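The values are calculated or read from the model by the stated rules, or taken from the named source; none is laboratory data. Owing to the predicted nature of the structure, the values given are computational and were not obtained by experimental measurement. Reconstructed Cβ throughout: ideal geometry from the backbone, glycine too, with neighbour counts over all protein chains shown. Note: accessible area is taken over every heavy atom of the protein model, side chains too, but ligands, DNA and RNA are not part of it. Shrake-Rupley method; radii C 1.70, N 1.55, O 1.52, S 1.80 Å.
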Amino acid sequence: MTTSIKKLPDTEQVLSGNGACGGCPATMALRIVGKALGSNAIMLLTPSCSVASMGMTPKLAYNWPCINITFATAGSSASGITHALEIMKEKGRLQGELPTVFSWVGDGGTYDIGFQALSAAAERNDNMIFFCYNNEAYSNTGVQRSGATPRGSFTTTTPTGKRQPKKNMALLMLEHNIPYVATATVAYPGDLYDKVVKAKNIPGMKYIEILAPCYLGWQFDMPETVQMSRMAVRNGAWLLWEAENGKIDFNNPSSQIISGKKKAEPVNEYVMKQGRFNRLLKGSDAEQRIAEIQGDIDHQIAFMRERAKITI
Amino acid sequence: MNHRLSGNEAVAYAMKQINPDVMGAFPITPSTEIPEYFAGYVADGEVNTEYVTVESEHSSMSVCIAAQAAGARAVSATSSCGLALMYELLYVAASCRLPITLACVNRALSGPININADHSDSMGARDSGWIQIYAENNQEAYDNFLMAMPIGETPSVRLPVMTCMDGFITSHAVENIELLETDVVRKFIGEYHPEHYLLKKENPLAVGPYDVSPYYMEHKMLQAEAMKAAKARILEVAAEFEKISGRSYGLFEEYRMEDAELALVLIGSTAGTAKAAVDKLRDDGVKAGLIKVRVFRPFPGEELARALAGTKAIAVMDKSEGFSAAGGPLFAETRSALYDLNQRPYMVNIVYGLGGRDVKVEDIEKVFDRLADIAVTGETGPVYSHMGQRSKEETA
């Protein structure tokens with residue numbers, strides 16, 4: 001059973017007075033992550049929305065020891081911390097339960113500039129949870145395309161729409177043979193909470209990617225963040241799954257879409273509600289563009305259905 | 001203890017004696033042997049160090065920064081493009097006041113690609129906020145690495161330290177070397193107990209959050225003050241080191257400078273060649289002398305001005321090309337340091353030895369010949385020139 005949102009702990013690690021936009025999905029997700037991790041954790045950041053919104057020296061809104069190095073370093077800096085903790089404990093300079101080391105990084109810092117160091121940390125199976133809050137663009141610098149931007153999406157560097165589909169980053173992480181990979185999104189807080197609690201108790205490298213619909217980048221109304229997140233899951237644009245030791249299990253409601261019990265909703269409404277897509281759907285090629293977006297989603301569902309059958 | 005070691009092995013041995021907490025390890029010629037030797041120490045249980053085999057120098061420095069911020073002692077080694085790939089992180093390490101120790105085995109920067117010694121790599125990082133100490137030979141490479149932590153970790157300094165030696169010439173050549181006993185080294189280095197670190201339970205820390213304009217400049221000023229304070233600390237540590245080793249070090253070495261009228265200023269292994277030339281000239285009655293700059297950051301400007309005040313003509317020799325169109329970095333800073341002298345000696349800049357081009361005793365003698373002419377005629381000729389350039393016909 002998924003934990004109900006009503007049963008989540010009252011403790012808060014994201015304090016009031018942070019600098020995030022209203023309706024910020026990354027901050028919502030971080031609140032839930034904080035409830036699952038508790039206070040004994042160390043946070044690794046890279047320059048991103050979360051560094052901009054964590055507050056400014058000397059006042060900070062995150063209730064953990066945290067470190068921000070540079071954009072490409074999320075994987076390697078978390079490795080530095082986790083190795084330091086292990087040796088300091090071994091040499092008797094640290095007592096008590098070791099904190100959870102986690103990276104909190106956007107899709108740019110994960111899919112693109114941070115990919116190399118993340119891949120190496122995963123290959124070493126360093127003990128950390130790497131969170132990617134995926135808002136499908138470089139939102140902090142004013143919305144430019146990333147490897148996570150879906151086909152057909154407007155960004156300031158794809159003014160006529162991105163031509164290529166996004167990477168399947170969570171699957172790429174799974175192929176590193178790490179002990180735990182999961183996807184989540186803010187419309188399903190209990191699902192996210194449970195996955196973080198599970199990851200916290202697994203040694204080695206854990207990767208959790210959270211779809212984070214950003215009203216600024218996606219161009220929808222600020223109060224609709226959660227609604228957009230739910231629509232993405234219901235139409236299969238975002239699949240909820242987790243994999244312990246390489247075996248993929250889909251979570252509700254994605255599991256019903258994969259098994260065929262429930263049909264994925266058509267992508268039209270989702271697309272038309274977002275300015276990043278619909279501003280490019282005013283010409284005669286609108287139908288073809290929507291069909292391409294739908295085609296990418298259909299392909300992803302079909303591919304993941306087959307991929308999950310590989311259990312060796 | 002008398003031994004025969006290459007410069008790389010000497011530095012790796014110093015690391016072993018220190019027994020650091022974390023090492024970021026990535027290969028690049030000519031520093032590769034340092035992580036190789038160290039991997040052996042880890043495998044044999046001779047050190048108790050987390051040996052993190054990263055995928056790039058960018059990551060080795062990130063690992064060091066994060067580990068040091070967590071309260072651990074971190075070391076790494078690199079050369080050339082590896083140091084260049086660390087560029088943004090060097091600034092983070094210094095501004096977060098993390099006393100990481102990095103062995104830089106100097107090598108030319110690409111391009112064109114070249115694996116031999118010059119100082120273009122570390123000179124490119126001269127304004128990153130790291131202390132830079134250069135070695136002439138294997139003994140100095142070993143000694144400098146041992147002195148790095150007591151310098152960098154002291155509360156008035158708290159800056160990262162880069163110890164540099166010339167690739168291949170020093171890193172791969174095997175020389176006689178005196179090693180200290182490990183217990184003596186450990187006592188000299190001491191335990192690492194930083195005042196602030198991420199995991200300090202009673203006062204947890206945020207490292208590297210956004211620094212707004214009302215604070216940023218104060219932080220930069222504090223960094224600049226720390227670099228100034230490092231000068232006194234470097235001399236203090238050298239004095240302590242002399243007690244355990246019998247070897248004496250300053251900010252620079254003055255060789256036959258007492259009554260010198262003609263002087264060279266240079267860095268690194270070329271000093272050995274230059275000393276031979278100075279000896280030869282002294283035998284011929286020429287008042288020649290040499291200053292070997294050991295500490296380039298903090299730059300010993302006032303001290304150099306005093307040491308060079310009595311000379312008539314000076315050649316500053318840069319083993320890197322700064323592309324300033326006005327001379328190399330050592331020249332720019334040395335000439336600036338001498339500006340306030342009442343009687344300024346003539347000064348020229350000679351860029352030499354790029355990409356490992358050899359410098360012989362005769363080459364240095366020619367420089368002194370030129371200085372002798374300048375001292376007599378007052379005509380410097382071209383102030384900024386390159387040593388031993390072949391003509392277009394020769395290189396065709």
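Condition first: out of contact with any strand residue (DSSP E or B) (no Cβ under 7 Å at 6 or more places or on another chain) and within 12 Å of another protein chain (Cβ to nearest Cβ). Can you find one or more residues in the range B:121-144 that meet it?
There is no residue in the range B:121-144 that is out of contact with any strand residue (DSSP E or B) (no Cβ under 7 Å at 6 or more places or on another chain) and within 12 Å of another protein chain (Cβ to nearest Cβ).
Look at B:LEU199 and say whether it is open to solvent by 40 Å² or more (accessible area, probe 1.4 Å), at the interface with chain A (Cβ under 8 Å from one of its Cβ atoms) and touching a residue at least 60 places away in the same chain (Cβ under 8 Å).
no
Output the residue which, of all residues in the range B:27-50 that are crowded, with 17+ Cβ neighbours inside 10 Å and free of Cβ contacts under 8 Å to residues at least 40 places away in the same chain, is farthest from the other protein chains (Cβ to nearest Cβ).
B:TYR37
Could you grab me the full set of residues in the range A:58-77 that are assigned to a loop (DSSP other than H, G, I, E, B), under 22 Å from A:ALA36 (Cβ atoms) and in contact with a Ser or Thr (Cβ under 9 Å, 6 or more places away or on another chain)?
A:ALA61, A:ASN63, A:TRP64
List the number of the failed condition for B:GLY24; all other conditions in (1) under 21 Å from B:GLU9 (Cβ atoms); (2) more than 8 Å from chain A (Cβ to nearest Cβ); (3) open to solvent by less than 10 Å² (accessible area, probe 1.4 Å) hold.
B:GLY24 satisfies all of (1) under 21 Å from B:GLU9 (Cβ atoms); (2) more than 8 Å from chain A (Cβ to nearest Cβ); (3) open to solvent by less than 10 Å² (accessible area, probe 1.4 Å) except (2).
Mind listing just one residue for me: the one in the range A:34-53 that is within 8 Å of chain B (Cβ to nearest Cβ) and more than 14 Å from A:PHE102 (Cβ to Cβ) and, of those, surrounded by the most Cβ atoms within 10 Å (Cβ to Cβ)?
A:VAL51
Can you name the strands (runs of 3 or more DSSP E) wholly within the range B:113-191 that have at least 2 residues being over 18 Å from B:ARG73 (Cα atoms) and in contact with a Gly (Cβ under 6 Å, 6 or more places away or on another chain)?
So the answer is B:161-166.
Considering (1) within 14 Å of chain A (Cβ to nearest Cβ); (2) small (Gly, Ala, Ser); (3) open to solvent by 10 Å² or more (accessible area, probe 1.4 Å); (4) more than 30 Å from A:GLY92 (Cβ to Cβ), say which one B:SER56 fails and leave the rest.
All conditions pass for B:SER56, except number (3).
What number of residues in the range A:99-119 are within 11 Å of chain B (Cβ to nearest Cβ) and out of contact with any helix residue (DSSP H, G or I) (no Cβ under 6 Å at 6 or more places or on another chain)?
Residues meeting the conditions: 4.
In the range A:121-137, which residues are in contact with a helix residue (DSSP H, G or I) (Cβ under 8 Å, 6 or more places away or on another chain) and open to solvent by 50 Å² or more (accessible area, probe 1.4 Å)?
Scanning the range A:121-137 gives a single hit, A:ASN127.
Six or more apart or on different chains, Cβ under 9 Å: which pairs go from a residue in the range B:143-159 that's assigned by TED's automatic domain parsing to the domain that holds B:ALA224 and closer than 17 Å to B:GLU9 by Cβ to one that's of a type in the set (Ser, Thr, Tyr) and assigned to a helix (DSSP H, G or I)? Could you list them?
Pairs found: B:ASP143/B:SER245; B:LEU146/B:SER245.
Mind telling me which of the residues B:LEU109, B:LEU102, B:LEU90, B:LEU83 ends up being assigned by TED's automatic domain parsing to the domain that holds B:CYS164, open to solvent by less than 10 Å² (accessible area, probe 1.4 Å) and without any contact (Cβ under 8 Å) to a residue 60 or more places away in the chain?
Step by step, each of B:LEU109, B:LEU102, B:LEU90, B:LEU83 is checked, and only B:LEU83 is assigned by TED's automatic domain parsing to the domain that holds B:CYS164, open to solvent by less than 10 Å² (accessible area, probe 1.4 Å) and without any contact (Cβ under 8 Å) to a residue 60 or more places away in the chain.
Check off (1) among the small types (Gly, Ala, Ser); (2) open to solvent by less than 10 Å² (accessible area, probe 1.4 Å); (3) within 19 Å of B:ALA135 (Cα to Cα) for B:ALA263 and give me the number that stays unchecked.
That leaves (3) as the condition not met.
Tell me the residue from B:SER269, B:SER336, B:SER324, B:SER320 that is open to solvent by 10 Å² or more (accessible area, probe 1.4 Å) and closer than 21 Å to B:LYS360 by Cα, please.
B:SER269
If I ask for residues that are within 21 Å of A:MET272 (Cβ to Cβ) and in a loop (DSSP other than H, G, I, E, B), which ones from the range A:164-185 would you list?
A:PRO165, A:LYS166
Could you list all residues from the range B:256-291 that are closer than 19 Å to B:MET165 by Cβ and either among the small types (Gly, Ala, Ser) or assigned by TED's automatic domain parsing to the domain that holds B:ARG186 (or both)?
Result: B:GLY268, B:SER269, B:ALA271, B:GLY272, B:ALA274.
How many residues does the range B:203-218 hold that are hydrophobic (A, V, I, L, M, F, W, C), free of Cβ contacts under 8 Å to residues at least 12 places away in the same chain and either more than 7 Å from every other protein chain (Cβ to nearest Cβ) or in a loop (DSSP other than H, G, I, E, B) (or both)?
2
Which condition number in (1) more than 11 Å from chain A (Cβ to nearest Cβ); (2) open to solvent by 10 Å² or more (accessible area, probe 1.4 Å); (3) more than 27 Å from B:SER156 (Cα to Cα) is the one that B:ARG97 fails?
(3)
If a residue has to be open to solvent by 40 Å² or more (accessible area, probe 1.4 Å) and either over 20 Å from A:THR11 (Cβ atoms) or of a type in the set (Gly, Ala, Ser) (or both) to count, how many in the range A:189-223 make the cut?
Total satisfying the criteria: 7.
Check off (1) open to solvent by 10 Å² or more (accessible area, probe 1.4 Å); (2) under 25 Å from B:ALA232 (Cα atoms); (3) in contact (Cβ under 8 Å) with a residue 60 or more places away in the chain for B:ALA276 and give me the number that stays unchecked.
Checking B:ALA276 against (1) open to solvent by 10 Å² or more (accessible area, probe 1.4 Å); (2) under 25 Å from B:ALA232 (Cα atoms); (3) in contact (Cβ under 8 Å) with a residue 60 or more places away in the chain, the one that fails is (2).
How many of the residues in the range B:339-351 are exposed (fewer than 12 other Cβ atoms within 10 Å of the Cβ) and either assigned to a helix (DSSP H, G or I) or free of Cβ contacts under 8 Å to residues at least 12 places away in the same chain (or both)?
Of the residues in the range B:339-351, 2 are exposed (fewer than 12 other Cβ atoms within 10 Å of the Cβ) and either assigned to a helix (DSSP H, G or I) or free of Cβ contacts under 8 Å to residues at least 12 places away in the same chain (or both).
What residue, among those in the range A:71-89 that are open to solvent by 10 Å² or more (accessible area, probe 1.4 Å) and facing chain B (nearest Cβ under 7 Å), is farthest from the chain's Cα centre (by Cα)?
My answer is A:GLU86.
Just checking, how many residues over the range B:61-86 are of a type in the set (Ser, Thr, Tyr) and within 8 Å of chain A (Cβ to nearest Cβ)?
1
So which of B:ARG186, B:ARG158 is more than 15 Å from B:ASN19 (Cα to Cα) and open to solvent by 50 Å² or more (accessible area, probe 1.4 Å)?
Answer to the check: B:ARG158.
Facing chain B (nearest Cβ under 7 Å) and either assigned to a helix (DSSP H, G or I) or farther than 30 Å from A:PHE277 by Cα (or both), is that true of A:GLY96?
no
What's the number of the condition A:LEU118 fails, among (1) open to solvent by 10 Å² or more (accessible area, probe 1.4 Å); (2) more than 26 Å from A:LEU15 (Cβ to Cβ); (3) out of contact with any Asp or Glu (no Cβ under 7 Å at 6 or more places or on another chain)?
Condition not satisfied by A:LEU118: (1).
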